[in-house]
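A short write-up of the structure that comes next.
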Amino acid sequence: MNSKRKALTMVLCALLLVSATMFATIAYLTSKDEVNNTFKVGNVHITLDEAKVKPDGTPVPNADRVKENEYKLIPGHSYTKDPTVTVEANSEECYVRALVTINKREALYNLPSDINIEDCFDINENWIFKSETEDIGEDTYTYEFWYNTTVKTSSTDNPLPAVFTTITVPSSLTNEQLNTLKDLEINVVAHAIQADGFDTAEKAWEAFGK
């Protein structure tokens, strides 16, 4: 009887040993997988500058581009002015526009009808004229231009064609008329907005305004 119990005990111990070994083996038969998503913040960065020029409108050789210039107006003379928007490297695809604001609205309005201020600028064909606004309270005109396509970049900057490259003072201006334009200023502001999420430029700029 004792021998039977001893034999049974040995069998049970053996089974427990096997079970423990199996459980130990199963515990190490594991698997793991995961997906890591890293989100980087997108951006749209632009710069706006123009060639540095002398008061007569001729470029200064080898000079860095600048944010402003001063000119001495002479009838019939053309001046270099090339406001250029650059969409910086790694920016998201975007829409770009330029607002050209000219002061002395009243003085310009009172010039002879054969003088058209728009004709003084050689607007690049890639920039589409969209609107003209008379800011009576500010005594300015603002002209809005949209770049004709969305703009993409890669690892390098993407300078766009200049909005315009020269300004020409009408040759028919008299000294008296020219004096009314003293302290004339032409300011250019550039805007950019992501293209993603907008079907058209109109919707994008409407959102920008809000």
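The values are calculated or read from the model by the stated rules, or taken from the named source; none is laboratory data. Bear in mind that the values here come from a model prediction, so they are computed numbers and not experimental data. All Cβ positions, glycine included, derive from the backbone under ideal geometry; neighbour counts span all protein chains shown. These area figures cover heavy atoms from the full protein model, side chains too; ligands, DNA and RNA do not enter into them. Shrake-Rupley method; radii C 1.70, N 1.55, O 1.52, S 1.80 Å.
Identify all residues within the stretch 130-153 that are closer than 15 Å to HIS191 by Cα and aromatic (Phe, Trp, Tyr); write none if there are none.
Correct list: TYR143, PHE145, TRP146, TYR147.
Can you pull out every residue in the stretch 182-196 that is open to solvent by less than 70 Å² (accessible area, probe 1.4 Å) and of a type outside the set (A, V, I, L, M)?
Hit for the stretch 182-196 is HIS191, nothing else.
Counting just the residues of the stretch 53-102 that are of a type in the set (A, V, I, L, M, F, W, C), within 24 Å of ASN158 (Cα to Cα) and assigned to a loop (DSSP other than H, G, I, E, B), which one comes out nearest to the chain's Cα centre (by Cα)? I'd like the intermediate steps shown before the answer.
Residues of the stretch 53-102 that are of a type in the set (A, V, I, L, M, F, W, C), as a first pass: 53, 60, 63, 66, 73-74, 85, 87, 89, 94, 96, 98-100, 102.
If we keep only those that are within 24 Å of ASN158 (Cα to Cα) as well, we get 53, 60, 63, 66, 85, 87, 89, 94, 96, 98-100.
This time we only want the ones that are assigned to a loop (DSSP other than H, G, I, E, B), so: 60, 63, 89.
Numbers: VAL60: 27, ALA63: 25, ALA89: 10 Å.
Here the answer is ALA89.
Taking TYR147 and the conditions (1) closer than 26 Å to TYR71 by Cα; (2) surrounded by 12 or more Cβ atoms within 10 Å (Cβ to Cβ), which numbered condition does it fall short on, given that it satisfies the others?
(1)
Helices (runs of 4 or more DSSP H) wholly in the stretch 103-210 with at least 1 residues that are modelled with pLDDT under 95 and over 30 Å from GLU93 (Cα atoms) - which ones?
Values: elements: 105-109, 175-179, 201-209.
The qualifying helices (runs of 4 or more DSSP H) are 105-109, 175-179.
If you scan the stretch 32-66, which residues turn out to be at pLDDT 95 or above and among the charged types (D, E, K, R)?
ASP49, GLU50, LYS52, LYS54, ASP56, ASP64, ARG65
For the stretch 197-210, how many residues meet the condition of being open to solvent by less than 60 Å² (accessible area, probe 1.4 Å) and of a type outside the set (Val, Ile, Thr)? Can you show your working first?
First, the residues of the stretch 197-210 that are open to solvent by less than 60 Å² (accessible area, probe 1.4 Å): 198, 200-201, 204-205, 207.
Those still in the list that are of a type outside the set (Val, Ile, Thr) too: 198, 201, 204-205, 207.
Going through the stretch 197-210 one residue at a time, the tally reaches 5.
For LYS52, state whether it is farther than 22 Å from LEU178 by Cα, open to solvent by 70 Å² or more (accessible area, probe 1.4 Å) and touching a Leu at 6+ places or on another chain (Cβ under 9 Å).
So LYS52 does not fit the description; no.
Give me the residue from the stretch 76-127 that is free of Cβ contacts under 8 Å to residues at least 40 places away in the same chain and farther than 27 Å from ASN179 by Cβ and, out of that set, least open to solvent (accessible area, probe 1.4 Å).
Only one residue fits best here, namely TRP127.
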